[in-house]
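Quick notes on the structure that follows.
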């Protein structure tokens, strides 16, 4: 089974967020970057599937030169090879443009499975995998907790609301978005780090794929949320105060 895992490099969660001079994007000059955590679980699921039934795990990443670090980490954990779509300006990529690039890059690979994280830690669209499936014309399923081989296809466990789950049988090829936390993530071993240096990484300029790179989302302004504290003093007897509090929670806080 050939499994492609889409991975993204994102700013570390403790990065200092500052809007750049244009007011339309974040200033990345002080950022440190790391593997998108949901994608790390997609990689782990792919590696465990390969251990069960054999095959090949291919990492797919769209990003600038610095994304090579994320790719090498995935290779060190056990991925067999990688495809690096070289993109200069990552912040200009919305979910549709990213999905177009990823779909074009895998057309010649003919994978059985494509796994992505449920969403990215930076943009959080949660749509890239679904759009990619539509562009490729394959079946897809989201919020996946388990993946098991079943004949010529797979059987997946989806997380629903209120503690409910759904079991679905799917044909191959398929695209799955993997829920975070479903497995214990492995660490790269010293031997894995050494082997990663010799594994193939195919460099593909984004412009060479022939995908439409025109974004459908237009960012008007990026700004940090304003912090404000408000206090309200209720007066009256306990019954009146309780009624006022409930009214505020319903009409203003909207938590009831």
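Give me the pairs: first residue in the range 161-185 and at positive phi and in the same structural domain as residue 136 (by TED's automatic domain parsing), second residue surrounded by 11 or more Cβ atoms within 10 Å (Cβ to Cβ) and in a loop (DSSP other than H, G, I, E, B), beta-carbon distance under 6 Å, and six or more apart or on different chains, which are they? Nothing qualifies.
Put simply, of 4, 53 the only residue that is at pLDDT 95 or above, in contact with a strand residue (DSSP E or B) (Cβ under 7 Å, 6 or more places away or on another chain) and within 30 Å of residue 136 (Cα to Cα) is 4.
The values are calculated or read from the model by the stated rules, or taken from the named source; none is laboratory data. What you see is a predicted model; the values in this text were computed from it and never measured. Glycine also receives a Cβ, built like all others from the backbone with ideal geometry; neighbour counts cover every protein chain displayed.
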